1. Take the residues in the stretch A:20-31 that are of a type in the set (A, V, I, L, M) and more than 14 Å from residue B:280 (Cα to Cα), then tell me which one is nearest to the other protein chains (Cβ to nearest Cβ).
2. Looking at B:193, B:201, which one is surrounded by fewer than 24 Cβ atoms within 10 Å (Cβ to Cβ) and either within 10 Å of chain A (Cβ to nearest Cβ) or within 23 Å of residue B:107 (Cα to Cα) (or both)?
3. Mind listing just one residue for me: the one in the stretch B:262-299 that is in a helix (DSSP H, G or I) and among the small types (Gly, Ala, Ser) and, of those, nearest to the chain's Cα centre (by Cα)?
4. Which of (1) under 29 Å from the mean Cα position of the chain (by Cα); (2) surrounded by 19 or more Cβ atoms within 10 Å (Cβ to Cβ) does residue B:479 not meet, given it meets every other one?
5. Only one of B:56, B:108, B:118, B:62 is part of a helix (DSSP H, G or I), touching a Phe, Trp or Tyr at 6+ places or on another chain (Cβ under 8 Å), at pLDDT 95 or above and on the phi < 0 side of the Ramachandran plot; which?
6. All but one of (1) buried (at least 17 other Cβ atoms within 10 Å of the Cβ); (2) touching a residue at least 60 places away in the same chain (Cβ under 8 Å) hold for residue B:74, so report the exception by its number.
7. Pairs only if they're at least six apart or on different chains, beta carbon under 7 angstrom, first in the stretch B:324-339 and of a type in the set (Val, Ile, Thr) and assigned to a helix (DSSP H, G or I), second modelled with pLDDT under 95 and crowded, with 16+ Cβ neighbours inside 10 Å; list them, first residue then second.
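The values are calculated or read from the model by the stated rules, or taken from the named source; none is laboratory data. A quick note: this is a predicted structure, and the numbers were derived from the prediction, not measured. All Cβ positions, glycine included, derive from the backbone under ideal geometry; neighbour counts span all protein chains shown.
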Amino acid sequence: MNSLASDQVMTKNDKTVLGFWIYLMTDVILFATLFATYAVLRNNTFGGPSGKDLFNMPFVLTETLILLTSSFVCGLSVLAARRGSKNQAQMWLSLTFLLGMVFILMEISEFHRLIVDGNSWQRSGFLSAFFTLVGTHGAHITVGLIWLVVLRWQMFTKGFTDSTLRRLTLFSLFWHFLDVVWIFIFSIVYLMGVA
Amino acid sequence: MFGRLDLSAFQHNIITLGGIATMGIAVVGIIASLTYFKRWKWLWEEWLTSLDPKKIGVMYLIVAAVMLLRGGGDALLIRMQQVLSVGDSKGLLSTDQFQQIFSAHGTIMIFFVAMGAIFALMNLLVPLMIGSRDVAFPFLNATSFWLFATGAVLVNLSLAVGEFGAAGWLSYPPLSELTYSPGVGIDYWIWTLQIAGVGSLLSGINFLTTILTMRAPGMTLMRMPLFIWSVLGSLALIIFAFPILTATLALLSLDRLLGMHIFTSEMGGNPMMYVNLIWAWGHPEVYILILPAFGVFSEVVATFSQKRLFGYTSMVWAIWAIVLLSFLVWLHHFFTMGAGGDVNAFFGIMTMIIAVPTGVKVFNWLFTMYRGRVHFTTPMMWFLGFVMTFTVGGMAGVLMSVPAVDFQIHNSLFLVAHFHTMIVGGVLFGAFAGFSYWFPRFTGFRLNETLGKFAFWCWQIGFLLAFGPLYILGMMGATRRLDHYDPSMGWRWLFVVAGSGVLVIGAGVGFQILQIVVSVWQRQPSWQKVDRLLRISKIKKALGLSVTENQKVEPASDPWNGRTLEWSISYPLPVYNFAVIPKVEGRDPFWVAKQTKVQPAKPAYEDIELPKNTPIGLFIAGGAFLFGFGLIWHIWWLATVGLIGVIALITIRMSDDNTDYIITAAEVENLEAQRRRSA
C-alpha cells in the first residue's frame, strides 16, 4: 500500500466519526423532544403520585454514580487501546459492560417497583412521560451493551485493527453521550422532581 | 398466533377491490415479464443489491413514480366523491372510505412522491456535482432506500390487508388514539412513516457527511453548485426535524400499544402537545421538499439562460435564512389553538418574514434570465410555470399568516389550495424540471420536447382548473375533508370544475408516460454515434464536402451546454464517476473549462476503491417490515423475529471487513481507453 492509500483510510475514519457525531446530534433532538414532552406533562398527575412521592433519591444517586464510573472506565479503555495495551483495554471494557449492566438492572428494578405499586405508565400523563423518557435512555443503554458484546467479540477474534479501533472510538462517543443525557435526566426529572 | 389479523381484514367493497386488482395485475405482470425475459438474476445483481447511488437514485425515482399514480388515483376518487355526493346522493364512497383515501393521499404524496423525488435527485446528482465517486456511507444509503421502499409497501399493503388511517395525513389525537380509532389503520400509518422516516433520517446523515467531506479539491463551500447548497440546507433540516417525527410517532404508538396517556384526552394526556410536535417537524418538512426544488431551478435557469446565476451569495444566504426561519413558524398551522395574541402575532410575523428570502430567490432567478440567451426547453417551461404558480401560492400563504384572517379560513379548502399550489407548483414542477434536465445525463438521449411541452401545459392548465376553484370554495366556507354537502350551498359547479382539472392533470401524466415511451423508441443516435458523426462531418468539412442536415449534431455528452461537473464526463457514466478527481478553481467549473479550452494533461490514474454489492440492506428492510407488520397486527412473535433479524444483520455487516473492491490504476486506464474508443 502506498501513502495515498493510507490517506484514504484516514479519510474513511474521519468520515465515519463525523457521520457518527451527526447521528448523535439527531439523538439529541430525539431526547429534546422527550424532555419537552416530559416538561409539559410533569404536573399532569391526574390525582396520582408525583415525582416527590415516588423517587428514591439515594437509589438514583447510586445509579448515577455507577453510570458515570462506567463512562470514565470506558475512557480508560480507549486510552489503553490508543497506547496499544490490549489487555488493559479489554479489561476496562469488561468493567464498562459490568457497570452498564448494573445500571440497567437497577433501572429495571426501579420500574418494577413502580409498576407493582400500581404506578405504571397507564396511571397518568406524568408517569407515561416519565417512563418514556427514562425508558428511552435505558433502551439506548441496552443497545450500547449489545454493541459492547459484539465489539468485545470482534476485538477477541480480530485483535486491534483499524475497524475495531474505529468502532471503539464510536462506542465511547455513544457511551459518553448517554452519560450526558443521564445527567440531564438526573437533574430535570429527579432533582427538580423532588424539589 | 396472528394477533388481530383474521379473515375480516381481507373483506373489502368494490372500489377497494378494484384498487387491489389493479395493483395485483401490475405485480403479476412484472413478475411474469421478469421470468419470461429471464431478468431475475440481472435485477438482483444489477439493481437490488447495488450500492451505486446512481442506481439507487433510479430506484427512488421508480418508487416515487408508482406512488404518484397511486396518490393521483386517490385524488381522483376524492374529487369524484365531491362532485357526486350532493344532497340526497351519497356518492360512491362511504364516509370511512373517503377518510382513508384522503389520509392515504396526503401521506403518499408527501412521504413517497415528494420525498422520493428529492432523494432520487440527491442520489443521482450529489456525488457527480461535487466531484466524488460515491457517498460517504454507501451501505447505509442502500439501507435507507430499502427502508423507504418498505414504507411504500406497507402503505399499499394496507389497502389489501386491513385498512389505512382515517384521521388525516397527520393523524391528530385524540381522534387517532385507541378510544376513537381502535382499528389497525392508524398503526399502518404510524409504521409506514416510522420506517420510511428512519430511512430519510439516515439518508440525511449520509448526504450531509458526503457534502461536507467528499467535495473535489478546490471546491470550497462558496464554489458549490447552488443545487448542492440547497440540498445542504434541506439536509440540515432533515437532521433537526426528522428526529422529532421519530419521537412523536413513537409516543403516539406507545399510547396505542401500551395504554400510555401522552396525547390522550383523559388521564392527564395532552393532545395539543402532539400538534405542536408534529408541526415542529412538519413545517421544516415542507422546506426539506422545496429547497432541493429551488436548487434544481437555480441550475436550470442558469443553464438555459446561458448565464452565470445572478446573486449567488444572496441565494446561499436566502437558503440559510429559510432554514433558520422554518423552525420558527410551526405554530401558524394552529393559530386557532388559542395560544393568545402575543404568541400568534410572533408566529404570524415570522411567517411573513420567511417570504422575504423566498422573494429574493424568485428575483434572482428572474434577473438571471434578464439579458440572458433564454432557451425555452421543457425544463425552462416547468420553471416559468413554477414562478407564476409558486408566487400566487406564496401570496395566499402570506394572507393566511395573518392570524385574524386565518381564523376565517383555517382548515378550509383555501388552505388546501394554498399548500397544493406550493407542493405541486413548487416541488413537483421542480422534480419534473430536474427529470427532463438531467435525463440525458443518465440515458444518453433527450426526452421528446414536443410531448414534454404538452405534458407541461396539461399540468399547468389542469392545475389552475383543479385548485383555482378551491380558493373560491374556501372563501365560501367549504371545509377540507368534506365528503357531502347540500346543493343549496351552490358549490357544486366549482367542484365540477376542480374535478375536470384533475382529469386534465391526468392527461398531463399520460403525456409524460407517452413522452418517455416515445423518447426511448425514437432515441437519437446514441452519443457514441453522435460523436462519430461529429468527426465525420469535421472530416467532410475539412475536405470541402457538404454536411447533410441529419449530421447536424449536438455536443456529445453535454446536450444543454451545462455548467457543472456532472456534464464533464462522457456518456455512459462509469461506475466510479470520475476516472480522475477534477480540480476545481471556481464556480461553474465545467463552463469555465469549456470557455478557456485548456487541453487536458495526460491523466494520472489511481487505484479506485468501491463498495461491493450486498443484499444486507434489503434484508434489514425486510426485518423492519416484519417488525412493523407484527406491531400493526399485534403479532408479537413476528415483531420479535423482525427485530432480532435486524440486529443480527447489522452485526453480520459490521463484522465484515471485506466490503470493498479495488479497480487498479491500470484497469482504470484500460476502461477509459475503451470508453474513448467507443465514443
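1. Checked the stretch A:20-31; the qualifying residue nearest to the other protein chains (Cβ to nearest Cβ) is A:22.
2. Going through B:193, B:201 in turn, the sole match is B:201.
3. Filtering the stretch B:262-299 for residues that are in a helix (DSSP H, G or I) and among the small types (Gly, Ala, Ser), the one nearest to the chain's Cα centre (by Cα) comes out as B:293.
4. Result: residue B:479 passes all but (2).
5. B:56
6. With respect to (1) buried (at least 17 other Cβ atoms within 10 Å of the Cβ); (2) touching a residue at least 60 places away in the same chain (Cβ under 8 Å), residue B:74 is out only on (2).
7. B:336/B:410
Each row is one residue, and each column tells you yes or no for (1) more than 10 Å from chain A (Cβ to nearest Cβ); (2) out of contact with any Phe, Trp or Tyr (no Cβ under 8 Å at 6 or more places or on another chain); (3) outside any loop (DSSP other than H, G, I, E, B).
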| site | (1), (2), (3) |
| --- | --- |
| B:182 | yes, yes, no |
| B:197 | yes, no, yes |
| B:208 | no, yes, yes |
| B:217 | yes, yes, no |
